[in-house]
Amino acid sequence: MPAERRIAVLLVLSTLAALGLAAVYVAGGQPQLEGALLGIALTGIGVALILWARGLSTEGAVIAERGPLGGVEEDEEAVEERIEEVTEEPGRRSVLKLFWAAGGALALSAVFPIRSLGPAPERALVTTAWRAGARLVDVDGRPVRTDTLQVGGTTTAFPEHAEHAGDSQIVVIRVEEGAIRPRPGREDWSPRGYIAYSKICPHVGCPVGLYQADSHELLCPCHQSTFDVLDGARPRFGPATRSLPQLPLEIDREGFLVAKGDFDEPVGPGFWNRER
Amino acid sequence: MTRGARGGTMTKALFRWFDERLGASHFTRKALDKIFPDHWSFMIGEIAMYCFVILVVTGVYLTFFFIPASEEVVYEGSYEALQGTHMSVAYASSLDISFDVRAGLVMRQMHHWAALIFMAALVVHMCRVFFTAAFRRPREINWVIGVTLFILAMMNGFFGYSLLDDLLSGTGVRVGYSIALSIPVAGEWLAFLFFGGEFPNTEFITRFYILHVLVLPALIAGLLGAHLAILWRQKHTQFKGPGRTEDNIEGSHLWPSYAAKSIGLFFIVTGVLAALGGLVQINPVWLYGPYDPAQASAVTAGSQPDWYVGWLDGALRIFPGWEIRAFGYTVANPFFPGALLPGITFGVLYVWPWLERRFTKDDAPHNLLDRPRDAPVRSGFGAATLSFYTILFVAGGNDVLASVFKVAPESITNLFRILVFVVPVVAFFVTRSACRTLARDKVHPFGGAVGSRVRRTAAGGYEEVDDDDPPKVGAVVSTPEADPYRPPPAPGS
């Protein structure tokens, strides 16, 4: 097929596709058709242009000198002279220094409003909404009772009245009574096999949501750190460097699970002042 | 007078009107005669530029409908599976664009595809410039601007991806926050000031929005303009070839053939993006659900970011559980793969032209390009670097690989921890020796022998055969230089 014929076919196709696109839009729209027709309309013009370009010029490759790129001594010296004119007199030079000082001070003072962008970190990273006696509730506000979970079961919980506190979410797991190997000082933190850890991965903060009951492992779905639930959620594998903070639990007189207090360490990813 | 002639007269009149007011003809005349080399690899940067144009056009359309707000609403749009769900206004408006704005889904998907291909074109364009040494004097400034453009584009992709406030993107923002938090000394303040407080909070969507639609695009457009202006001033590089020197340039004139080809390429790029946007689903946020940090139990394995941040995610995954604790301070684990690695990556990219000069002692201006084989060590280093980031990228899918190949994620991760060091070393030596072999044997990797062909004349002498003459089967091919190890063509062949 001669080039002109091919170009003509492409442009007719493109025109039809464009009209079709308008029709599809008016008729209510259909994503696949819209994309396909717009694609045909545009690609048709594009290919036609390139075919057309081939026939436009018969001159073939042309060659030309680049010409110089700077390096003309006379120009360079003239520019340098004009610039130095300003600082020739000693008086002018000291005024110029004052200009620099004023500009620098202005730039420095313009930095301060950045402080308005956010609150001071203060204690925000080391405290959560957990308080002694706070009931554990699920995301819909239903309290967690001693009979809520089967052995091997797990649920996500929050402090009552703070169901949207992102830093306070915990994963509650029920394991066989006596299976837990508590750390010193944590012997009475997991009544009747109920044990609770912060659900925020100490690596980069993903929710540690996958529990494998047979191996008693919590797994972070983002970067595959695994934590040993029976051994204080110590990291077994992956990039996490710390155990999940454990929330001390007890059972109140009505059979509800409650916290004995806040976590004894910051939850979530590490930072410079974490130990302070 | 025919109609065509009258059309021509009108164009002329219009041009003269402008010329009398702006004096445009001198510049236009020079511009139309500007010479552009004809090599396919010079088109890759243009593809990136055209993707940016499409990003701006589709992006402006999306801003008419997207609402960057984190207030909670109950969804009542036409996507049944999420009706009655509590979600942010931003996520709800993303669903509206996808389901209730006519042509909105195509625009949204074109925008996302354009971003993915923009980043890919930038990477390939950078490789082209690196492996052919187009960054050498006098083009160091454009190399630095190019690296900056790449960083800005990557950041803007991340901000845009985060705006939709779906479960997957919210997880990405959380990771970004944690990396900021891990920076020594200033991390807490940096994270609190940039994200507006402890994560999760309601500030980041409005901040990311203005960065995504104004600040970063304006920076990109400005630097892109500078990139092109400098290119225009310095003129293109060109590959070595007959008649080509450091002081001349060979190619086609801007007008008409190059302009028509380039505009044609623009239409094709846009057409392909439109077809992808309509036919190939990308980032189906309605399947992920809204981001609610208090309900983020729905995050499951198979959470991967967009491809151009995959190397960072992979680095986070395979970096061992190490961190520095001393004198009561902590340099937390994510700092090393999340902040130090990109810092080193972009730092080395920025200083590469000067770094290489320290070793080659070559400070001369270059307009003729190297072929990759002309500099085996540079090419080897480039291949090693590419393979390093490719391994990190693949490691970002370690959970997917583990489930596909039915192996423990631990084994896959340990494998990548080894491969990420071994493969680049192998890539370096293989590439270096391949380059040396190619340079010695003068064989083109993708197509037989190169060099000029000579023909033995009836009188017994040799004459050069025209390069455009297609080689005939059995034709004698020889190199331009005399090659003492190659026997002369047998008589009569």
Taking the range B:147-184 and keeping only residues that are assigned to a loop (DSSP other than H, G, I, E, B) and either within 30 Å of residue B:125 (Cα to Cα) or modelled with pLDDT of 95 or more (or both), one is left with B:164, B:182, B:183, B:184
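Residue by residue, here is whether (1) within 13 Å of chain B (Cβ to nearest Cβ); (2) crowded, with 24+ Cβ neighbours inside 10 Å holds:
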| residue | (1), (2) |
| --- | --- |
| A:171 | yes, yes |
| A:187 | no, no |
| A:191 | no, no |
| A:210 | yes, no |
| A:217 | yes, no |
| A:225 | yes, yes |
| A:236 | yes, no |
| A:259 | no, yes |
Can you list the strands (runs of 3 or more DSSP E) found entirely within the range A:230-276 that contain at least 3 residues being of a type outside the set (A, V, I, L, M)?
A:234-237
Against the condition within 12 Å of chain A (Cβ to nearest Cβ) and out of contact with any helix residue (DSSP H, G or I) (no Cβ under 6 Å at 6 or more places or on another chain), how does residue B:100 come out, does it pass?
yes
Among the residues of the range B:329-337, are any surrounded by fewer than 18 Cβ atoms within 10 Å (Cβ to Cβ) and either facing chain A (nearest Cβ under 7 Å) or at pLDDT 90 or above (or both)?
yes
When you scan the range B:297-319, do you find a residue that is surrounded by fewer than 15 Cβ atoms within 10 Å (Cβ to Cβ), facing another protein chain (nearest Cβ under 10 Å) and either more than 30 Å from residue B:285 (Cβ to Cβ) or acidic (Asp, Glu) (or both), even just one?
no
Could you check the range B:187-227 and list, in sequence order, the residues that are among the small types (Gly, Ala, Ser) and surrounded by fewer than 21 Cβ atoms within 10 Å (Cβ to Cβ)?
B:196, B:197, B:218, B:221, B:222, B:225, B:226
Give the residue that is nearest to residue A:258 (Cα to Cα), with candidates limited to residues of the range A:121-143 that are exposed (fewer than 13 other Cβ atoms within 10 Å of the Cβ) and modelled with pLDDT under 90.
A:141
Take the residues in the range B:325-338 that are among the aliphatic types (A, V, I, L, M) and out of contact with any Ser or Thr (no Cβ under 7 Å at 6 or more places or on another chain); name whichever of them is farthest from residue B:396 (Cα to Cα).
B:326
Are any residues in the range B:122-148 farther than 18 Å from residue B:355 by Cα and surrounded by fewer than 22 Cβ atoms within 10 Å (Cβ to Cβ), and if so, which ones?
B:123, B:124, B:128
Test residue A:198 against the criterion of being of a type in the set (S, T, N, Q) and over 27 Å from residue B:86 (Cα atoms), and give yes or no.
no
Subset tally (residues that are surrounded by 14 or more Cβ atoms within 10 Å (Cβ to Cβ) and part of a loop (DSSP other than H, G, I, E, B)) for the range B:39-71:
7
Looking only at the range B:241-291, how many residues end up being outside any loop (DSSP other than H, G, I, E, B), touching a residue at least 40 places away in the same chain (Cβ under 8 Å) and farther than 30 Å from residue A:14 by Cα?
7
State all residues of the range B:114-137 that are under 16 Å from residue B:385 (Cα atoms) and assigned to a loop (DSSP other than H, G, I, E, B); if no residue qualifies, say none.
B:132, B:133
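For (1) in contact (Cβ under 8 Å) with a residue 40 or more places away in the chain; (2) of a type in the set (Asp, Glu); (3) at the interface with chain A (Cβ under 8 Å from one of its Cβ atoms); (4) part of a helix (DSSP H, G or I), each residue gets a yes or a no:
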residue	(1), (2), (3), (4)
B:189	no, no, yes, yes
B:193	no, no, yes, yes
B:216	yes, no, no, yes
B:222	no, no, no, yes
Among the residues of the range B:1-10, is any of a type in the set (A, V, I, L, M, F, W, C), assigned to a helix (DSSP H, G or I) and modelled with pLDDT under 90?
yes
Picking from B:271, B:347, B:343, which residue would you name as being at pLDDT 95 or above and crowded, with 16+ Cβ neighbours inside 10 Å?
B:271
Might you let me know whether the range A:41-64 holds any residue that is more than 10 Å from every other protein chain (Cβ to nearest Cβ), among the polar types (S, T, N, Q) and at negative phi?
no
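The values are calculated or read from the model by the stated rules, or taken from the named source; none is laboratory data. Because the structure is a prediction, the values reported are computed rather than measured. Reconstructed Cβ throughout: ideal geometry from the backbone, glycine too, with neighbour counts over all protein chains shown.
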